[in-house]
Amino acid sequence: MLKLTKTETQYLNPLRTIPKLHNQHCHHKTQKKQIMKLTGNMDQFGTTGLFLTAIFSPCCFPLFAFAASALGLGSFELFGGWTMWIFQAMVLISVGGLYISYRKHRCMYPLMVAIPSGILIFYGYHFNDSEYWIYLLYAGMFGLLMATIWNYKLNKRHQTCDTCSTYNGSTVELKSTITCPNCGHKKDEMMPTDACVYFYECEQCKTRLKPLPGDCCVYCSYGTVKCPPMQAGVSKKIC
C-alpha cells in the first residue's frame, strides 16, 4: 500500500488546510480588534492618569487636596520626584489618543480643545514663573477632560455603524444604493466626504446620470441616502 507524507496528503486534499487558515484569519482579526480598542481608549487612559496623578500629589495640586484627604492620604506624595514627569507623560498620552481617534472619526473638535489644553499645561509648568502657573495647569487638565468626554461620545456613535463617519461634527451614513432610472439596476456605493459626485455611469446600461434639478449630486437624486453635506444640514452650495 502506497503511503503518503503529510505534505503530500495536504496537497492532494487542500480542504484540510482551510480550518487552519480560517483560525489564523480569526486570530489576526481578533488581534486587530484588540489593538483598535486599546488605541481607541488611549485618551481615556491618559486623562484618567492625569487626574489620578494630581489627586495622589496634593502638595503639587492643592485643588485636589480634598480628594487626597478623603482617601486618607493627607500630604502623602505617591510618586515623589517623579510626579510632574508622570503628569506630563499622561498629557502626551491623552493628546496622542485623541489624535488617533480623530483619524478614525474625522471630527477635529475634541482635538482642537486638547491641543491648546496640552500647550497650556506645558507652558504653565515650563515657562510661566508667576504664582498663577498652577491655574494654567488646572485649565489645561479640565480642557483635556472635556475633550476626552466629547471624544468618547463620538467614538460610541461611530462604533454603532460600520459605514458611518463624522462630517462637520455630525454622524453621517456613507453607504447609499443608487438605482438607475433607465434600467432599474441597483448598486451600493460608498459616498466620499471630501467631494460631490455630479456624474455617475450605470455599470449595466452605461447611462450617464446627473443630478435632478434642485439636487446637488447623484446620491441626492438616485440614492437611498443623501450625500454627507445634506445629512449634516450643510448648505448644498458646498457641493
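Structure summary
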read-out	value
Extension gain (nm, one decimal) between residue 66 and residue 163, 0.36 nm per residue minus Cα-Cα	30.3 nm
Spin-label model distance (nm) - residue 185 vs residue 84, 7 Å beyond Cα toward Cβ	6.8 nm
Counting all C-alpha pairs of the range 165-238, share separated by more than 18 Å (%)	33 percent
Filter on 153/226; 156/187; 153/175; 153/186; 156/226; 104/186 - keep pairs with C-alpha separation over 32 Å	153/186
Burial ranking of peptide ranges 84-95, 199-210, 102-113 (average Cβ count within 10 Å, highest at the top)	84-95, 102-113, 199-210
Computed magnitude of the charge dipole of the range 159-239 (debye, nearest 20; Cβ of K, R +1, Cβ of D, E -1)	280 debye
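Every number here is computed from the coordinates shown, using simple stated rules; none is lab data. Bear in mind that the values here come from a model prediction, so they are computed numbers and not experimental data. Glycine also receives a Cβ, built like all others from the backbone with ideal geometry; neighbour counts cover every protein chain displayed.
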